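Novice: Below is the structure I would like to discuss, written out as structure tokens.
The values are calculated or read from the model by the stated rules, or taken from the named source; none is laboratory data. Bear in mind the structure is a predicted one, so any value in this text is a computation, not a measurement. As a convention, Cβ positions derive from the backbone with ideal geometry for all residues, glycine included, and neighbour counts pool all protein chains shown.
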């Protein structure tokens with residue numbers, strides 16, 4: 001019997017099923033996301049295209065295989081919701097009673113103690129429903145509170161970002177440099193952590209000088225050591241004595257190094273989005289103006 | 001003359017394969033696994049919404065966490081601060097760099113009762129020697145008047161003046177105030193010096 005058509009058909013079905021699952025479905029799901037707005041300031045578009053120099057830097061990043069050791073994706077395992085009390089208002093007794101009545105896990109014994117030393121967190125790690133109930137109970141007798149939403153996870157604890165990264169963050173990157181290895185730190189928020197372009201140039205020239213114990217190889221071929229003619233170049237690196245070139249010479253970054261540093265400075269995926277609810281700034285104080 | 005047939009050494013022919021029926025239990029297990037999988041997907045998959053990422057499992061869950069109402073003014077200011085504008089020199093900590101960029105933390109210039117001088121410094125930039133917290137600096141600050149709107153300058157200055165992490169407690173800055181100052185300094189195109197700023201009446 002000729003099994004050819006049957007074998008062809010089953011392999012075709014198997015391959016097309018994975019194509020539907022791994023290529024077409026994600027494309028339909030996230031492939032056509034428009035530029036959106038962030039959840040704090042609706043007038044500000046997110047993401048913004050990278051500046052021209054940073055866009056060139058992406059290609060330098062790609063050419064030098066930075067993604068082999070650095071990922072650009074921050075994970076998040078959960079969200080912690082806290083309720084903070086900012087002002088107790090004039091009727092502290094009524095606030096305490098309202099908190100107890102709201103049935104959010106605050107007993108009569110605790111309630112009075114919660115109203116001193118403001119602003120402070122009165123409920124931590126509760127569900128959003130409980131938090132909203134507590135906030136409502138606070139506001140009725142004239143107190144002022146706020147809900148604090150903080151993403152949590154191992155990456156966030158390491159300081160690699162304030163929230164997880166989502167597809168929108170990579171809208172203008174071609175190709176996206178997600179990476180999978182973490183020999184070095186995650187770079188999704190490199191620009192937010194280290195906004196100084198000169199720091200990045202020095203770090204590329206001599207990683208161990210800037211970060212003791214770093215495993216990163218120096219990228220000195222992105223720099224040029226040349227003789228100082230008449231006067232030193234404005235963009236020459238200010239190097240510590242141990243790694244400085246001999247007297248009369250200077251180290252200047254090539255255009256690739258400047259572009260790469262500009263790209264690293266532009267990496268910032270901390271903007272609060274609808275997909276990643278969070279409150280970011282330090283909570284408002286209870287001692288305003290004057 | 002016929003050859004004697006050799007004695008047959010071949011084993012008896014195997015019994016032919018018959019199509020055995022798939023046991024019922026296998027079908028039941030398969031259907032149950034499929035059902036459980038569908039149930040799990042229904043609860044955790046977010047139904048292919050591009051707005052649902054882990055750890056969230058449904059659109060409703062994400063929507064419930066959106067905090068309505070006016071945004072915290074300090075959040076708006078922090079966004080302008082990190083654009084990057086101020087953060088490039090004064091750093092995320094607000095501490096600046098010793099000998100180069102003055103600290104904003106507890107700075108008397110930042111926390112003046114009236115924000116007139118600091119608004120001027122942000123709008124047109126600063127040039128030359130200045131003393132902040134008893135330390136001498138002699139550098140140049142970039143003018144931001146052409147880059148940032150009145151709203152943005154107001155919110156970033158409010159952030160800098162009221163940041164509780166830095167222990168700053170000064171009054172908020174309004175966009176109207178920034179606009180008024182912008183009008184007043186139209187005749188002063190260049191950067192201010194510290195001496196010039198000190199000559200301006202505080203409330204101006």
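Novice: Restrict the check to region A:37-49 and report whether at least one residue is over 29 Å from residue A:136 (Cα atoms) and away from chain B (no Cβ under 14 Å).
Specialist: There is at least one residue in region A:37-49 that is over 29 Å from residue A:136 (Cα atoms) and away from chain B (no Cβ under 14 Å).
Novice: Residues that are away from chain A (no Cβ under 11 Å) and surrounded by 11 or more Cβ atoms within 10 Å (Cβ to Cβ): does region B:24-35 have at least one?
Specialist: yes
Novice: Quick check on my filter: what residues within region A:47-88 are closer than 18 Å to residue A:147 by Cα and surrounded by 16 or more Cβ atoms within 10 Å (Cβ to Cβ)?
Specialist: Answer for region A:47-88, where residues must be closer than 18 Å to residue A:147 by Cα and surrounded by 16 or more Cβ atoms within 10 Å (Cβ to Cβ): A:79, A:81, A:82, A:83, A:84, A:85, A:86, A:87, A:88.
Novice: Mind checking whether some residue in region A:262-269 is within 14 Å of chain B (Cβ to nearest Cβ), closer than 30 Å to residue B:63 by Cα and at pLDDT below 85?
Specialist: Taking every residue of region A:262-269 in turn, none turns out to be within 14 Å of chain B (Cβ to nearest Cβ), closer than 30 Å to residue B:63 by Cα and at pLDDT below 85.
Novice: Looking at region A:93-121, which of the residues that are closer than 24 Å to residue B:63 by Cα and in contact with a strand residue (DSSP E or B) (Cβ under 8 Å, 6 or more places away or on another chain) is surrounded by the fewest Cβ atoms within 10 Å (Cβ to Cβ)?
Specialist: Filtering region A:93-121 for residues that are closer than 24 Å to residue B:63 by Cα and in contact with a strand residue (DSSP E or B) (Cβ under 8 Å, 6 or more places away or on another chain), the one surrounded by the fewest Cβ atoms within 10 Å (Cβ to Cβ) comes out as A:121.
Novice: Check whether at least one residue in region A:199-217 is under 30 Å from residue A:127 (Cα atoms) and within 13 Å of chain B (Cβ to nearest Cβ), and report yes or no.
Specialist: Taking every residue of region A:199-217 in turn, none turns out to be under 30 Å from residue A:127 (Cα atoms) and within 13 Å of chain B (Cβ to nearest Cβ).
Novice: Continuing with the same structure: On the basis of being in contact (Cβ under 8 Å) with a residue 12 or more places away in the chain, surrounded by 15 or more Cβ atoms within 10 Å (Cβ to Cβ) and farther than 25 Å from residue A:71 by Cβ, does residue A:202 make the cut?
Specialist: Answer is no for this residue.
Novice: Hey, can you tell me all the residues within region B:18-74 that are on the phi > 0 side of the Ramachandran plot and touching a helix residue (DSSP H, G or I) at 6+ places or on another chain (Cβ under 9 Å)?
Specialist: Hits for region B:18-74 are B:46, B:47, B:48.
Novice: For the condition in contact (Cβ under 8 Å) with a residue 40 or more places away in the chain and over 21 Å from residue A:87 (Cβ atoms), what is the one hit in A:142, A:153?
Specialist: Going through A:142, A:153 in turn, the sole match is A:153.
Novice: Going through B:87, B:122 one at a time, which residue ends up being in contact with a helix residue (DSSP H, G or I) (Cβ under 7 Å, 6 or more places away or on another chain) and modelled with pLDDT under 90?
Specialist: B:87
Novice: Are any residues in region A:61-92 in contact with a strand residue (DSSP E or B) (Cβ under 6 Å, 6 or more places away or on another chain) and farther than 30 Å from residue A:164 by Cα, and if so, which ones?
Specialist: Answer for region A:61-92, where residues must be in contact with a strand residue (DSSP E or B) (Cβ under 6 Å, 6 or more places away or on another chain) and farther than 30 Å from residue A:164 by Cα: just A:87.
Novice: Continuing with this model, one more query. Which ranges mark the helices (runs of 4 or more DSSP H) fully within region B:73-144 that have 1 or more residues being touching a strand residue (DSSP E or B) at 6+ places or on another chain (Cβ under 6 Å) and surrounded by 15 or more Cβ atoms within 10 Å (Cβ to Cβ)?
Specialist: Fully inside region B:73-144 and qualifying: B:87-90, B:116-124.
Quick grid of which residues meet (1) under 26 Å from residue A:152 (Cβ atoms); (2) without any contact (Cβ under 8 Å) to a residue 24 or more places away in the chain:
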site	(1), (2)
A:49	no, no
A:52	no, yes
A:55	no, no
A:74	yes, no
A:81	yes, no
A:89	no, no
A:93	no, yes
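Novice: Turning to a different aspect of this structure: Run residue A:207 past the list (1) free of Cβ contacts under 8 Å to residues at least 24 places away in the same chain; (2) over 19 Å from residue A:67 (Cβ atoms); (3) crowded, with 18+ Cβ neighbours inside 10 Å and report the number of the one that doesn't hold.
Specialist: Here residue A:207 clears every test but (2).
Novice: Given (1) on the phi < 0 side of the Ramachandran plot; (2) free of Cβ contacts under 8 Å to residues at least 12 places away in the same chain, identify the lone condition not met by residue B:134.
Specialist: Of everything listed in (1) on the phi < 0 side of the Ramachandran plot; (2) free of Cβ contacts under 8 Å to residues at least 12 places away in the same chain, residue B:134 misses just condition (1).
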